[in-house]
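The values are calculated or read from the model by the stated rules, or taken from the named source; none is laboratory data. Fair warning: this is a prediction, and the values are worked out from it, not measured in the lab. Cβ coordinates were reconstructed from backbone atoms using ideal geometry, including for glycine residues, and neighbour counts include every protein chain displayed. When the accessible area is computed, the model is the full protein with side chains, heavy atoms only, and any ligands, DNA or RNA have been set aside. Shrake-Rupley method; radii C 1.70, N 1.55, O 1.52, S 1.80 Å.
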Amino acid sequence: MTQQLVVIGAGMASGRALEHLIEASSDDWDITLFNAEPRGNYNRIMLSPVLSGEKSYAEIVTHDDDWYKGHGVTCRFGEKVERIDRDRKVVVGANGEAPYDKLLVSTGSSPFIIPCPGHDLPGVIAYRDLDDTEAMIEASAMPGARAVVIGGGLLGLEAAAGLRLRGMEVTVLHLAGHLMERQLDAAAGYLLQKDLEERGITVMTGASTKEIVGGDRVERVRLEDGTELPADLVVMAVGIRPAVQLAKEAGLAVGRGIHVDDQMITSDEDILAVGECIEHRGAIFGLVAPLYDQAKVAAQTLIGEAAAFEPKQLSTKLKVTGVDLFSAGDFAEGEGREDIVYRDPARGIYKRLVIEGAQLIGAVMYGDTADGNWFFGLIKDGTDVSDMRETLIFGPAYQGGAAQDPLAAVAALPADAEICGCNGVCKGRIVEAIEGGATTLGDVKALTKASASCGTCTGLVEQVLAATLGDDFAMPSAQPICSCSDLTHEDVRRLIKARELKSQPAVWQELGWSTPNGCHVCRPAVNYYLLADWPLEYADDPQSRFVNERKHANIQKDGTFSVVPRMWGGITTPSELRAIADAAEKYDVPTVKVTGGQRIDLLGVKGEDLPAIWSDLNAAGLVSGHAYSKGLRTVKTCVGTDHCRFGTQDSTGLGIKLEKRLWGSWTPHKVKLAVSGCPRNCAEATCKDVGIVCVDSGFEIGVGGAAGMDVKEVEPLAKVATEAEAIEWTVAFIQLYREHAKYLDRPYKWLGKVGLPWVQDTLGDAETRAALVERFDLSQSVYQTDPWAERATPEARRAFAPLADLTLEAAE
């Protein structure tokens, strides 16, 4: 007989419980799912990339509408549960009741808000869900907006990094003496603070908040020492508490969390609970791995299988603002304890092991955490490390005095070693999937979700595959371009040139595509490879581009668009500014924002207004800034010798020349340049795809920088004496990147594959360099056109107009 299961809360824990339950006995349950948020299950761990702009909400959805519909789950999203009536066995929601035979409570946790004066002002938010994330994104759109993040733990730092990437001035306040003091020791905390400050984030440790000041909304934060910090946004990230109010009002046993036994059953035998809301043997939980263990036990309990939740000693392996961190065990100082410390300042690596007697009892790692699971195994098992004391810090590969098989460490990991932190997948679960028939990384992703989120653990998952399958597994050197073909991106590029394939149908046919016209994954890549290799013979296919490139504007979350005129080298004129202001007023643009790339962004333009606003801006001499494209975005400059007393060269003039030479070009991914007039580097040239620093003797050209989710300093490409040489080397480098890089690889990722020495050797040959410049100019003869001008016509306007004007009245 079908039983009624009601679930309160559509988070990650209850979502995993539903997966297990449906997989085991989908026909035995009629499931109703309440969620106060107006949406279903998504990966909250990945909210940080959404905040920074690296991912969209759609990319982090775990269960979409089709999943719920396909499994017969009745969804009551956006409906708050008001109470649980245990006597009648019904859940009372805002829109009605839902009877249950079994009830699963997964209400999660609530953010702790410091009860200081002003904590309830508009503009003071927590960071727990998508609504909070969208509020931060909205606040960051205000020109010159400043944010104060209270709390230097994981969530606070991720919020700070995302807001900084959105262009806000960010200050982090942390009460303790160093960041993430629960996970890191002081030395690792120092390195993390240094890294954040290098990204433009101000960090204040030992900072206690006294009050938040403002009128209609937050204006500033006042500290106990009297310091005042201006703030348009305050993010509270100081901790969480289990959300137990609903359970408490229902009369369930509650302490810090909802009391559950080993089977995840509460004080009511028909009510189970999982996730951050529970308390088990006096412990509460915040990491995803134990939540998923609870979910599995809850599902087994519901279907009548024997199961018990057993808390495990946990390590913490995190990626904070692009930096790998690991900690496990007890790393506090104490009598009778020894430290082994390894530091590599040039690579930003710090490792510390704490030994007591003959056992490893604690480990902290910063920057390189590859051996973290091995060290954790030694801590958990109480292994005697006496014989490996001298080489212990170097990890498992060097025990015994020589490098071992790199798979040996993975093979030695216990079954409960965590492999994928985002989805809480242990080695044993992956091995089970492999023994059940999984033979590829894609199979493991589909069956276990390991490596399906941020991708950091992909290499480790492949090593588990190799260690389990042995010779039956071939470590992939590269992934196929998509499911339409077994060929890699590199294969496709090479064959397009070698076989002179000059159209998409030719690629599909000659390279044996399994689909008639490719798919949404391969078509943009193939379209780019063809236009890059055959600029005269191949015509760009707009339908093989992403929506932003088809529309020549960035679509916003509300369906409107942003319009960004190009400002050569960050220089503009009064007449251009008047034209932008006139356009903003004429088309009722709600937000006008100065960007980090030294130009102005008009946000909130209606789709039907795009051709008209382009036409008006064109009339003032402005062209598209290609802020939406896989191509040149900006060339950021400082004032150089024009105004600065420290300037050594005309950085502004060089930036303008480079931008006018490069604009309109299509590249594998977006490309950003900067030219600084002296080593003080005011244009931030050392973290761009191409960065030029002017010096007394000429120009130092660096390449392969990054300042997004990954932060990387440029590598030195060349030193040249003249402006003309700087332009030649830059153009040649861009063309070499255009001709050889994988689609969607930024220059720094491409350089990591081919190596800087090969690029230097290639460009060091004057004849090769000149040929690359010539091929670039040939491509520009086709593609250096203003898409705004091409579309600011009556015919184009009709394509942007709504399908019908329903306000018109019919004639009599």
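Rounded to the nearest angstrom and ordered from largest down, what semi-axes does the equivalent ellipsoid of segment 344-425 get from its C-alpha gyration tensor (root of 5λ)?
Working: eigenvalues 69, 57, 42 Å².
For segment 344-425, the semi-axes come out at 19, 17, 14 Å.
Of the chymotrypsin sites (Phe, Trp or Tyr not before Pro) in segment 600-682, which ones lie in a loop per DSSP and count no more than 13 other C-beta atoms within 10 Å? Display every interim value, and only then the final one.
Working: sites: TRP614, TYR628, PHE646, TRP663, TRP666; in loops: TYR628, PHE646, TRP663.
Those satisfying the criteria are PHE646.
Using the Karplus curve 6.51 cos²θ - 1.76 cosθ + 1.60 with θ = phi - 60°, work out ³J(HN,Hα) for each residue of segment 688-703 in order, rounded to whole Hz, and write x for Gly and Pro.
9, 4, 9, x, 10, 10, 7, 10, 4, 8, x, 9, 9, 9, x, 9
Quickly rank 45-56, 719-730 as a protection proxy: mean count of other C-beta atoms within 10 Å, highest first.
Numbers: 45-56: 19.6, 719-730: 17.8.
Listed from highest to lowest mean packing, they are 45-56, 719-730.
Stokes-Einstein D for segment 55-116 at 10 °C, 1.306 mPa s, Kirkwood Rh over Cα pairs, in µm²/s? Please report the intermediate quantities before stating the final value.
Working: Rh = 14.7 Å.
Here the translational diffusion coefficient equals 108 µm²/s.
Check cross-link reach from LYS194 to the aspartates and glutamates: straight Cα distance under 16 Å, and skip same-chain residues fewer than eight apart.
GLU158, GLU181, ASP185, ASP324, ASP344, ASP710, GLU713
For the chain, what does the relative contact order come out to in percent, with C-alpha contacts under 8 Å and a separation of six or more? Write out the running numbers ahead of the final one.
Details: 1593 pairs, mean separation 57.8, N = 812.
In percent, rounded to a whole number, it is 7.
With a Cα-only, solvent-free Debye model of segment 484-525, what are the log10 I(q)/I(0) values at q = 0.17, 0.24, 0.26 Å⁻¹?
-0.38, -0.79, -0.94
Once each part is reduced to its C-alpha centroid, what is the distance from segment 157-210 to segment 56-127 in angstrom?
Between the Cα centres of segment 157-210 and segment 56-127 lies a distance of 31 Å.
Averaged over every viewing direction, what's the projected area of the C-alpha convex hull for segment 546-674? Give it in nm², one decimal, please. Each step should come with its number before you reach the end.
Working: hull surface 32.7 nm².
Approximately 8.2 nm², given one-decimal rounding.
Counting other Cβ atoms within 10 Å of each Cβ, which GluC sites (Glu not before Pro) in segment 740-792 have at most 16 and sit in a DSSP loop? All intermediate terms of the calculation are to be shown ahead of the outcome.
Details: sites: GLU767, GLU774, GLU790; in loops: none.
Answer in residue order: no site qualifies.
Can you give me the Kirkwood hydrodynamic radius for segment 427-537, using every pair of distinct Cα atoms, in Å to one decimal?
Kirkwood hydrodynamic radius for segment 427-537: 15.7 Å.
Of all alpha-carbon pairs in segment 663-727, indicate the percentage at a distance above 15 angstrom.
Numbers: 1040 of 2080 pairs.
In whole percent, the share of Cα-Cα pairs in segment 663-727 beyond 15 Å is 50.
Quote the FRET efficiency, to the nearest 0.05, computed for LYS497 versus SER25 with a Förster distance R0 of 60 Å and r equal to the Cβ-Cβ distance.
0.65
Too long at a 18 Å Cα-Cα cut-off: which of LYS551/LYS660; LYS636/LYS753; LYS672/LYS753; LYS672/LYS749; LYS636/LYS672?
Values: LYS551/LYS660 23 Å; LYS636/LYS753 27 Å; LYS672/LYS753 20 Å; LYS672/LYS749 14 Å; LYS636/LYS672 8 Å.
Among LYS551/LYS660; LYS636/LYS753; LYS672/LYS753; LYS672/LYS749; LYS636/LYS672, the Cα-Cα distance tops 18 Å for LYS551/LYS660; LYS636/LYS753; LYS672/LYS753.
Suppose we look only past 16 Å in the calculated P(r) of segment 1-90. What percent of the Cα-Cα pairs does that tail hold?
Values: 2315 of 4005 pairs.
Counting every Cα pair in segment 1-90, those more than 16 Å apart make up 58 percent.
What FRET efficiency would be calculated for the residue pair THR793, LYS753, taking the C-beta separation as r and a Förster radius of 45 Å, to the nearest 0.05?
Taking R0 as 45 Å, the efficiency between THR793 and LYS753 is 0.60.
Using only the C-alpha atoms of segment 186-296, find the volume of their convex hull and express it per residue in Å³. All intermediate terms of the calculation are to be shown ahead of the outcome.
Values: hull volume 20.7 nm³, N = 111.
In segment 186-296, the Cα convex hull volume per residue is 187 Å³.
Two decimals, Cα atoms only, Kirkwood Rh: what is Rg/Rh over segment 231-301?
On the way: Rg = 13.9 Å, Rh = 12.9 Å.
Rounded to two decimals, Rg/Rh equals 1.07.
Would you list which lysines come within 27 Å of LYS296, measuring only between C-alpha atoms, while excluding same-chain residues fewer than 8 positions from it?
Leaving aside lysines fewer than 8 places away in the same chain, those within reach of LYS296 are LYS69, LYS80, LYS89, LYS102, LYS248, LYS312, LYS317, LYS319, LYS380, LYS427, LYS445, LYS449.
What share of all Cα pairs of segment 143-230, in percent, falls into each consecutive 10 Å distance bin?
18, 49, 29, 4, 0
Could you work out how much longer the chain between SER386 and GLU608 gets when fully extended? Use 0.36 nm per residue separation minus the Cα distance between them, nm to one decimal. It would help to have the intermediate numbers written out before the result.
Details: separation 222, 0.36 × 222 = 79.92 nm, distance 7.28 nm.
Working it through step by step, the gained length comes to 72.6 nm.
Quick one: pull the percentage of alpha-carbon pairs in segment 479-621 with a separation above 20 Å. Working shown, then result.
On the way: 5889 of 10153 pairs.
Distances greater than 20 Å cover 58 percent of the Cα pairs.
Would you mind calculating the gained length between SER208 and ARG550 on full extension (0.36 nm times residue separation, minus the Cα-Cα distance), in nm to one decimal?
Stretched out fully, the SER208 to ARG550 stretch lengthens by 118.2 nm.
Work through the residues other than THR572 whose Cβ is under 11 Å from its Cβ and net out their charges, Lys, Arg +1 and Asp, Glu -1. The partial results should precede the final answer.
Working: positive: ARG566, ARG578, ARG599; negative: GLU576.
Residues close to THR572 contribute a combined charge of +2.
How about segment 46-125: which chymotrypsin sites (Phe, Trp or Tyr not before Pro) there lie in a loop by DSSP and see at most 15 other Cβ atoms within 10 Å?
Values: sites: TYR57, TRP67, TYR68, PHE77, TYR100, PHE112; in loops: TYR100, PHE112.
Here the sparse-neighbourhood loop sites are PHE112.
Per residue, how big is the convex hull of segment 56-182 when only Cα atoms are used? Give it in Å³. Write out the running numbers ahead of the final one.
Details: hull volume 23.7 nm³, N = 127.
Roughly 186 Å³ of hull volume per residue.
Of the beta bridges DSSP finds with both residues in the chain, what % are antiparallel, to the nearest 5?
Working: 78 of 122 bridges.
Antiparallel bridges: around 65 percent, rounded to the nearest 5.
222 nm [θ] for the chain, helices only, -39500 (n - 2.57) per DSSP H run of 4+, per residue, to 500?
On the way: 26 runs with 262 residues, N = 812.
My calculation for the chain gives -9500 deg cm²/dmol from helical runs alone.
Could you pull the accessible area for VAL260 with a 1.4 Å probe, rounded to 10 Å²?
20 Å²
Could you give the nm distance between label points at ASP765 and ASP87, where each point is 7 Å from its Cα heading toward the beta carbon?
Calculated label separation equals 8.9 nm.
Calculate the all-directions average of the projected area of the chain's alpha-carbon convex hull, and give it in nm². Provide the component values of the computation, followed by the final result.
Values: hull surface 168.8 nm².
Seen from a random direction, the Cα hull of the chain projects 42.2 nm² on average.
Using a 7 Å offset from the Cα along the Cα-to-Cβ direction at both GLU269 and ALA332, what is the distance between the two label points in nm, to one decimal?
4.3 nm
If I take R0 = 35 Å and measure r between the Cβ atoms of PHE394 and MET142 in this structure, what FRET efficiency does the formula 1/(1 + (r/R0)^6) give, to the nearest 0.05?
Values: r = 49 Å, r/R0 = 1.41.
So the FRET efficiency works out to roughly 0.10.
Provide, as a two-decimal number, the C-alpha radius of gyration of segment 90-144 over 2.2 N^0.38 Å, N being how many residues it has. If you can, show how the numbers build up before the last one.
On the way: Rg = 17.3 Å, N = 55, 2.2 N^0.38 = 10.1 Å.
Scaled against compact globular proteins, the figure is 1.71.
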